There are 2 protein chains.
Amino acid sequence: MQADRLSATFAALTDPTRRAILARLALGETSVSELAQPFAMSLPAVSKHLKVLERAGLIARGREAQRRPCRLEAIHLKEVADWVDRYRRFWEQSFDRLDDYLRKLQTKEKKHGRKQRKR
Amino acid sequence: MQADRLSATFAALTDPTRRAILARLALGETSVSELAQPFAMSLPAVSKHLKVLERAGLIARGREAQRRPCRLEAIHLKEVADWVDRYRRFWEQSFDRLDDYLRKLQTKEKKHGRKQRKR
């Protein structure tokens with residue numbers, strides 16, 4: 001079940017508009033029509049994205065009849081963070097290797113520069 | 001472009017088998033047939049998943065004609081980590097609120113327990 005929950009979370013995050021909606025909601029809860037404004041999207045299009053986010057548990061909607069404000073629910077994002085964190089050592093290793101490479105390159109260039117000045 | 005790259009990464013991660021392949025590759029590089037064994041999947045099915053992971057830049061394939069070993073490429077996972085990290089304070093706040101709630105509940109129960117003993 002945990003795997004499916006994570007799949008649903010990743011699926012909800014595949015769309016840049018849905019990620020932008022989450023970024024907007026990080027600033028505070030808001031109504032659907034307020035949300036729609038900066039996206040230049042129709043209300044039904046925004047509502048569709050909100051439904052995907054709500055089903056994935058990434059947002060919650062208020063119960064006020066007209067406004068139904070949306071707010072961010074970040075708990076399932078923690079699952080994403082926990083999942084991706086298992087791979088941290090791999091990208092850190094990549095950066096370490098790149099650092100080593102650049103350091104060697106710099107040393108070579110310095111030596112080369114010195115040789116050139118000597119000529 | 002960054003947004004599309006991130007969308008492609010999230011899309012590649014929506015499938016639990018593809019995440020399991022990454023977890024296997026975290027143990028070391030391996031051939032496609034070795035990869036297929038624990039998944040009880042056909043080679044073409046595994047190859048399909050590998051193509052998705054490769055297109056998303058999450059794995060790389062060796063050039064050895066027969067074996068073409070697969071290895072993890074973690075750098076785009078760092079982009080996922082960076083993205084999700086912006087929301088960290090939200091789930092930490094949720095846990096803080098839960099902690100507060102549980103502490104209040106415990107205090108109430110202790111008081112209640114004391115009252116009951118007095119009777």
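The values are calculated or read from the model by the stated rules, or taken from the named source; none is laboratory data. Small disclaimer: the values here were computed from a predicted structure and weren't measured. Backbone-built Cβ (ideal geometry, glycine too); neighbour counts: all protein chains shown. Heavy atoms of the whole protein, side chains included, go into the accessibility calculation; ligands, DNA and RNA do not. Shrake-Rupley method; radii C 1.70, N 1.55, O 1.52, S 1.80 Å.
Within segment A:8-75, the ratio Rg/Rh, alpha carbon atoms throughout and Rh by Kirkwood, equals 0.92.
Rounded to whole Å, give me the distance from the Cα center of segment A:76-106 to that of segment A:44-64. Distance between centres, Cα-based: 33 Å. Using the Cβ-Cβ distance between A:GLN93 and B:LYS104 with R0 set to 41 Å, the FRET efficiency from 1/(1 + (r/R0)^6) comes to roughly 0.35.
The mean accessible area for residues of segment B:43-103, using a 1.4 Å probe and ignoring ligands and nucleic acids, is 61 Å² per residue. The number of Lys pairs in segment B:68-119 with C-alpha atoms less than 28 Å apart, excluding pairs fewer than 8 positions apart on the same chain, is 4.
The solvent-accessible area of B:SER33, taken with every protein chain present and a 1.4 Å probe, is close to 60 Å². Shape summary of segment B:23-116, radius of gyration then Dmax from alpha carbon positions: 23.9, 78 Å. Solvent-accessible area of the protein assembly as shown (1.4 angstrom probe, protein heavy atoms only): carbon and sulfur portion equals 51 percent. Each residue was assigned an accessible area with a 1.4 Å probe, and for B:ARG103 the value is about 140 Å².
Length, then width, then depth: along the principal axes, the Cα atoms of the protein assembly as shown run 92, 46, 45 Å. Which whole-number percent is the relative contact order of chain B (Cα, under 8 Å, 6+ apart)? Relative contact order for chain B comes out at 24 percent. Other residues lying with their Cβ under 13 Å from the Cβ of A:CYS70 contribute a combined charge of +3, Lys and Arg counting +1, Asp and Glu -1.
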